[in-house]
1. Among the residues of the range A:196-219, which ones are in contact (Cβ under 8 Å) with a residue 24 or more places away in the chain, out of contact with any Pro (no Cβ under 8 Å at 6 or more places or on another chain), under 18 Å from A:Trp59 (Cβ atoms) and crowded, with 19+ Cβ neighbours inside 10 Å?
2. In the range B:66-76, is there at least one residue being touching a Cys at 6+ places or on another chain (Cβ under 9 Å) and more than 14 Å from chain A (Cβ to nearest Cβ)?
3. Only one of these is closer than 24 Å to A:Val208 by Cα and either out of contact with any Gly (no Cβ under 6 Å at 6 or more places or on another chain) or facing another protein chain (nearest Cβ under 10 Å) (or both): A:Ile173, A:Ile120. Name it.
4. Tell me, yes or no, whether the range A:156-163 has at least one residue that is on the phi < 0 side of the Ramachandran plot, within 13 Å of chain B (Cβ to nearest Cβ) and assigned to a loop (DSSP other than H, G, I, E, B).
5. Are there helices (runs of 4 or more DSSP H) fully within the range B:37-133 with at least 2 residues that are charged (D, E, K, R) and either in contact (Cβ under 8 Å) with a residue 24 or more places away in the chain or buried (at least 24 other Cβ atoms within 10 Å of the Cβ) (or both)? List them.
6. Considering (1) within 20 Å of B:Val127 (Cβ to Cβ); (2) surrounded by fewer than 19 Cβ atoms within 10 Å (Cβ to Cβ); (3) away from chain B (no Cβ under 11 Å), say which one A:Ala153 fails and leave the rest.
7. Looking at A:Leu145, A:Leu135, A:Leu128 in this structure, which one is modelled with pLDDT of 90 or more, exposed (fewer than 15 other Cβ atoms within 10 Å of the Cβ) and under 28 Å from B:His166 (Cα atoms)?
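The values are calculated or read from the model by the stated rules, or taken from the named source; none is laboratory data. Because the structure is a prediction, the values reported are computed rather than measured. When we count neighbours, we look across all protein chains shown, and the Cβ atoms used for this are built from the backbone with ideal geometry, even at glycine.
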Amino acid sequence: MSFFGITRTTLTKDVRLEWRSKDAINAMLFFSLLVVVIFSFSFDPTAEESRRIAGGLVWVAFLFAAIVALNQTWARELRNQVLDAYRVSPAPANALFLAKAFGNFIFVTVLEALMTPLFIVFYKLRALGPTWELLPIAALGTWALVVNGTFFAAISLRTRSREIMLPLLLFPISIPALLGMVNATTAILTGEGSARFWIALLVAYDVVFTIACLLLFETVLEAE
Amino acid sequence: MKRGFSILAIVTALLLSFALYEALIAAPTERTMGDVQRIFYYHVPSAWTAFLLFLINFVASVVFLIRRDTKADILALVTAEVGVVFCTVVMATGPIWARPVWGIWWTWDLRLTLTLVLWLIYVSYLVLRRFSTSSKTPVLAAVLAIFGALDVPLVYFSIWFFRTQHPSPVIGGGGSLDPRMAHVLLINWAAFLCLASLVCWTRFRLEVLEREVEEAQALESLLEGSR
Amino acid sequence: MNYLYAAYVATWVIHGTYLAILVRKYSKIRQEMESLKK
């Protein structure tokens, strides 16, 4: 089976499994709603101020949601000893990684799509800059979190306190991407300054780390 | 080996004392900041030493992944630990300097912020090494080190641009340096490099011993179990 | 001026703490080596 064939099959299988066991999805949807509400209670600014800080708030909320999604990335594989099977099969490990990363990307994007209207409502948000630019920012930013998150979730598999190890490893490395996401979003919302540099930074970050993950995933899989 | 170590130890002690004298007494007093500026002679060389140690960590990690040579792995571990120590010094001296000069404890100074992020990355590296239960921890750690190293230029540029949008005080003053001050700076750097080498050497030997003892203990419990 | 000395003292406290940790680990490993030889 071709590389992309394997990726697609694994991805479809994951999506179908998640869709069938709606518990996990429902729990995370509710979690996302809770996060937005809690943030709204904690930070209740005027419309003018909210535009300045909403960029940061929104991405921190997305980060929480991403961590929750990422933590269970390999849970199913671990339960059923799938990883051992992958290690002995001739299938390229990268296909598995890409499938997992895409799956996480779709999942986190769905959560973001649900949280965004809530944020707009609670914070009375209205972008003063080019709104369409928020889409590539969201996509690039989410991929930055998801690609490294999926990778570090695999590294964290054999560690004590696995759930804490993932954010512990992910956050420091993600700092440039976070700066990019937050500042780009703030630039669009406030209409001050251009998001151009931050978008370029996000592109560079995504390219560098996607390549690094693809090159090194096999090594990590072997090391488990 | 033992003699080289003793020689290095003596050289280090001498250099550090001399460098201290130069920094506190011989170096000229800075015009605007006064004597507080002398913190510079400890702050900057510590940062350079930390960055150099992390660079060695990166190279050692790559070598380990290619050759699976244990010595490379130990070198990576050692330079990460000592690098974190020097980073901590940078982050302690930075705010202590910023406070009397600028009135604030923290500024998004490029060097200080970069050091903070590096500190976070390498502390997470050390945590992974300690918490990992895999038998191939060195491999995982080496991979993480490579990710950290790849991140550094991205961190640098993101902070650099962030600073152009949110200007804040630069610790250590930009601009040209009085040649006498540069002289003192380099002496202190040489002294700290010797200290770093000495401490790394010590830690390296300790790690080798610890691993040998661990192996011996495992072997012993294995033999006892079969009796 | 206090800040200057505070910075220098802090530097050596940090280095000293790490070295003390190393010394403690060394004595522990010496002990373990002794008990292994028996």
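1. Answer for the range A:196-219, where residues must be in contact (Cβ under 8 Å) with a residue 24 or more places away in the chain, out of contact with any Pro (no Cβ under 8 Å at 6 or more places or on another chain), under 18 Å from A:Trp59 (Cβ atoms) and crowded, with 19+ Cβ neighbours inside 10 Å: A:Trp198, A:Leu202, A:Asp206, A:Phe209.
2. yes
3. It is A:Ile173.
4. Yes; the residues of the range A:156-163 include at least one that is on the phi < 0 side of the Ramachandran plot, within 13 Å of chain B (Cβ to nearest Cβ) and assigned to a loop (DSSP other than H, G, I, E, B).
5. The qualifying helices (runs of 4 or more DSSP H) are B:70-102, B:110-131.
6. Exception for A:Ala153: condition (2).
7. A:Leu135
Residues are listed down the side, and each one gets a yes or a no for (1) part of a helix (DSSP H, G or I); (2) more than 20 Å from A:Gly180 (Cα to Cα):
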| position | (1), (2) |
| --- | --- |
| A:Val36 | yes, yes |
| A:Asp44 | no, yes |
| A:Ser50 | yes, no |
| A:Leu128 | no, no |
